[in-house]
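To start, the structure itself, in structure tokens.
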Amino acid sequence: MSVERKEFGTMPDGRTVYRYILSNSSENEVHILTLGATLHSFIVDDKNGNKTDVLLGFDTVEDYLEKSDYQGATVGPVCNRIGNAAFSIDGVEYKLTANEKDVTCLHSGGEYSFVVWNAMVIDSDTVEFSYISPDGLNGFPGTINNSVTFKFTEENKLVIKYSAVSDKDTFINLTNHAYFNLNGFDSGDILSHSIMIDADKVTAVDTMSIPTGENFSVDGTVFDFRQPKLIGKDIDADNEQLGFTGGFDHNFCINNWDKTLRKCITAESDVSGLKLNVYTDLPGVQFYAGNFLKGICGKEQKPMNKRSGFCLETQYYPDTPNKSEFPSCFCKAGEEFVSQTVYEITLAE
Ligand code: GLA
């Protein structure tokens, strides 16, 4: 294993953004940027031995700052949506930035994804990124000491460990927003990828994509991915939930959640022969099929068209701070939030 640091670009205020490259002995690589602790590239051999970068992203700092749909970004302190951009702790209401349609708070207003994180090489296979978010940032209580470590292995496993400690009671729900295309970032849509998610239930949303509180059974619905199914098979089916979100963009409630790290999702493409295994210790995963991508040019000026990548954002359920019936992501002052997600890429058998 080896780690290398290269300059990636410059922030508007002149600070340098670095790219850390973790490589294994098969010359497969993971690239992470200090900007947003962003997973920039995941490069592996496909079934024909061609090096394939399976992540959507951009080539410049400017593009990340101006055009991003959170490609590869670390998101926090609370990812996904919070209804009416507010929550309460001990009877005190906190008003958050309403960055979506002036009503909901999406990805906490985005700061974590677009600031420069500090980086420290821990080992030849591990880099740690850290960021202290100020009390009151986008309305969230607490000065929060965040760290995300990325470790890459000889088996093409990318192990992501999240840690956060706040000096005030708060909510923490950190995730990564990588868009995968197992045929390569420049290879069209992901509709012919198959995916399997170990989830009997999915979180119902309203027209603003805010959970209603109900988790419905996937039995007999287009949301049943318990056996591998092509993403494209039902994505445009006449279904109220799909209509609200323009395609899959829902939280899947992972079966038998017990806070231990478990493999719960696989995705596969026949074209490249690549398979993605996702392990997490979290209770949910937002499966987002890239429905809102609209042809903005990314790496090598290739357009990222609608559904050219899919996200598997492991997390506590959306709007958890306002839903006492969901597993809680409440974090007491001084207590450490920890969680782990692994993205592993193998050749399909
Ligand atoms: C999340 C949401 C999507 C979309 C993207 C960002 O994954 O679930 O609806 O907003 O972020 O484009």
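The values are calculated or read from the model by the stated rules, or taken from the named source; none is laboratory data. In this text the structure is predicted, and so the values were computed from the model without any measurement. Please note: Cβ atoms are built from the backbone with ideal geometry, for glycine as well, and neighbour counts cover all protein chains shown. Side chains are part of the model used for accessible areas, which takes the heavy atoms of the whole protein and leaves out ligands, DNA and RNA. Shrake-Rupley method; radii C 1.70, N 1.55, O 1.52, S 1.80 Å.
The criterion of at least 1 residues that are in contact with a Phe, Trp or Tyr (Cβ under 8 Å, 6 or more places away or on another chain) and among the acidic types (Asp, Glu) is met by the following strands (runs of 3 or more DSSP E) wholly inside the range 240-281: 249-254.
Could you tell me whether Val205 is more than 19 Å from Cys79 (Cβ to Cβ) and crowded, with 17+ Cβ neighbours inside 10 Å? So Val205 does not fit the description; no.
When Pro283 is tested against (1) over 25 Å from Ser328 (Cα atoms); (2) away from the ligand (no atom under 15 Å from the Cβ); (3) surrounded by 19 or more Cβ atoms within 10 Å (Cβ to Cβ), only condition (1) is not met. Between a first residue in the range 311-330 that is over 29 Å from Gly57 (Cα atoms) and a second residue that is of a type in the set (Gly, Ala, Ser) and away from the ligand (no atom under 16 Å from the Cβ), which pairs have beta carbons less than 7 Å apart while being 6 or more apart in sequence or on different chains? Cβ pairs passing all conditions: Lys323/Gly213; Glu325/Gly213.
Within the span defined as the range 337-347, every residue fails to be at pLDDT 95 or above, open to solvent by 30 Å² or more (accessible area, probe 1.4 Å) and assigned to a loop (DSSP other than H, G, I, E, B).
Within the range 228-235, is even one residue in a loop (DSSP other than H, G, I, E, B) and either in contact with a Cys (Cβ under 6 Å, 6 or more places away or on another chain) or surrounded by fewer than 14 Cβ atoms within 10 Å (Cβ to Cβ) (or both)? Looking through the range 228-235, at least one residue is in a loop (DSSP other than H, G, I, E, B) and either in contact with a Cys (Cβ under 6 Å, 6 or more places away or on another chain) or surrounded by fewer than 14 Cβ atoms within 10 Å (Cβ to Cβ) (or both).
Only residues that are open to solvent by 10 Å² or more (accessible area, probe 1.4 Å) and over 30 Å from Ala86 (Cβ atoms) were counted across the range 143-158, and they come to 7.
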